[in-house]
Structures are given as structure tokens and as C-alpha cells.
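Data first, discussion second: the structure below is written as C-alpha cells.
The values are calculated or read from the model by the stated rules, or taken from the named source; none is laboratory data. These numbers were taken from a predicted model, which means no experiment stands behind them. Using ideal geometry, Cβ is built from the backbone for each residue, glycine included, and neighbour counts are taken over all protein chains shown. Ligands, DNA and RNA are stripped out before the accessible areas are found, and what is left, the full protein with its side chains, is counted by its heavy atoms. Shrake-Rupley method; radii C 1.70, N 1.55, O 1.52, S 1.80 Å.
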Amino acid sequence: MASVRRRGRARFTGVSGGLLLAAFAALCAALSYGDYTVPIPDVLATLLGGGDSGSRFVVLELRLPRALLALLVGCCFGLSGAVFQTLLRNPLASPDVIGVSSGAGAAVVLAGGLAGLSGTPLSFVALAGALVAGAAVYLLAWRKGVSGYRLVLVGLGIGTGLSSVISYQMTRSDVTEAQTAFLWLAGSLNGRSWPQFWPLLVGAVLLVPLTALLAAGTLTACGGGSGSDANTIKV
């Protein structure tokens, strides 16, 4: 058992180190290439406090916030998928599969098309839509506990229904509304800068440790089951 644990730790360390190196290489490439190319050595020098004024403006003001925002968003998406899959013991479970993302998207296209909302209010509408969709999936899947497979199946049904709402509303919208809705549905880093990065960073710093603590407690509480009970979460 000790040798198995050592091999597992060594594999985890190797994979994590390789992914970190790949992420750093992608970050450097994102900071280097564009309409104005900054050589990699100049990028590294700029990040360490050197570089000329042009490199500092391009790297630190234009590209670095977008690159860091992309990394942080990707980490949060990956963490959400890992939490769902681990907690429900189902490799298909993720926010986009079980209808949470569709709930946010449907709320955005309806609020934008019917109420004419835009900008920051749409962020709160999207959050509310995701929470409502997630609660609906959970309640409909409840049968003296929530089975991972049942929750995924219910979520697939609700997600499909919400996707049809999105498609219908998009066909009824004019070109401007449809373009705005598409940006929300697909996502974009265009024009993003430090004011968009800091709130997400603060939220991640606060919520990621809390998520880890709650996930560890839930897994400990559910770890004693076996068979079908091991795939059922009772809250």
C-alpha cells in the first residue's frame, strides 16, 4: 500500500508540474504574440520590472489582465466540474451538462430581449438563473437523497429545455440583441482589463477554500456507504 501511495503522489506531482509548466508557457505566448509582437525575453524582463515603456504598456496593461483572467476563469470552470464529478461520483456531472449553465444563459437572453437589460445587471440575472436552474434540478432529482445518475438525467432534461428557450429567444431577437446574447453565451475576453480581473480574483480567493472544506466534509460524510448508497447524497 505504501508503494502504491508513493507512486500515486509521484504521478500527481509530475502531472501537476507538467500542467503548471504548460500553463506558464501558454501565458508567455499570450503575452508575446499579437498585432505587436514582444519577444519572450522581453516579456520575462517586463514581468520582472524591466522592459521599455512600449513593452510595459502592451504586456502589463493590455495583455496581462486578459491572460490572467483567462487562466482564472479556466481554473474556476475546471474546479466546478471536478467538484460536481467527485461529489456525485459521475464523470458526466458538470454545470454545463446538468443545466446550470443553460439556466444562466436562458435568464440572460430573456432579460436582454424582453427587459432590455445590459451590462452589470445581466451578471446578477445570470447568477440568479443559474441558482434557480440548479435548485430545480436538485429538487426534481430528490428521492430521499440525490442519486448522481438521477441528477444528471434530470439535469440533461432541464438543460435541453432551457437550450430550446435560448434558441427560440435568439431567433426572435434583432441583430444587436442576438450579438449581445451570443457574447454572453460564448464568452469573450475582448476589452477585458484589471477592473474585471480583481473581483473574480477576490471571489476565487474567498470561495475556493470554502469549496474545498465543504467538499471534504461531504465526501467524509458519504464515504461510509457502499453499492447504490455510495452514489446517493443525503442533505
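Looking for whichever is touching a residue at least 40 places away in the same chain (Cβ under 8 Å) and not in a helix (DSSP H, G or I) here; the options are 109, 97, 73. Which one fits?
97
Pick from the stretch 127-161 the residues that are open to solvent by 80 Å² or more (accessible area, probe 1.4 Å) and assigned to a helix (DSSP H, G or I): which of them is nearest to residue 111 (Cα to Cα)?
Looking at residues that are open to solvent by 80 Å² or more (accessible area, probe 1.4 Å) and assigned to a helix (DSSP H, G or I), I get 127.
Scanning the stretch 38-52 for residues that are more than 29 Å from residue 78 (Cβ to Cβ) and at pLDDT 90 or above, which turns out surrounded by the most Cβ atoms within 10 Å (Cβ to Cβ)?
Applying the filter and picking the extreme gives 42.
Considering only the stretch 189-207, state which residues are open to solvent by less than 60 Å² (accessible area, probe 1.4 Å) and either at pLDDT 85 or above or within 30 Å of residue 150 (Cβ to Cβ) (or both).
Across the stretch 189-207, the qualifying residues are 193, 194, 197, 200, 201, 203, 204.
Exactly one of (1) surrounded by fewer than 10 Cβ atoms within 10 Å (Cβ to Cβ); (2) modelled with pLDDT under 85 is unmet by residue 177. Its number?
(1)
Does the stretch 224-231 include one or more residues that are in a helix (DSSP H, G or I), open to solvent by 60 Å² or more (accessible area, probe 1.4 Å), of a type in the set (Gly, Ala, Ser) and at pLDDT below 85?
yes
For residue 79, only one of the following conditions fails: (1) in a loop (DSSP other than H, G, I, E, B); (2) open to solvent by 40 Å² or more (accessible area, probe 1.4 Å). What is its number?
Result: residue 79 passes all but (1).
So the check is Cβ under 7 Å with 6+ separation or different chains; which pairs have a first residue in the stretch 5-34 that's modelled with pLDDT under 90 and a second one that's assigned to a helix (DSSP H, G or I)?
Pairs found: 34/63.
Which one of the conditions (1) in a loop (DSSP other than H, G, I, E, B); (2) open to solvent by less than 60 Å² (accessible area, probe 1.4 Å) does residue 17 fail to meet, given that it meets all the rest?
Among (1) in a loop (DSSP other than H, G, I, E, B); (2) open to solvent by less than 60 Å² (accessible area, probe 1.4 Å), the lone unmet condition for residue 17 is (1).
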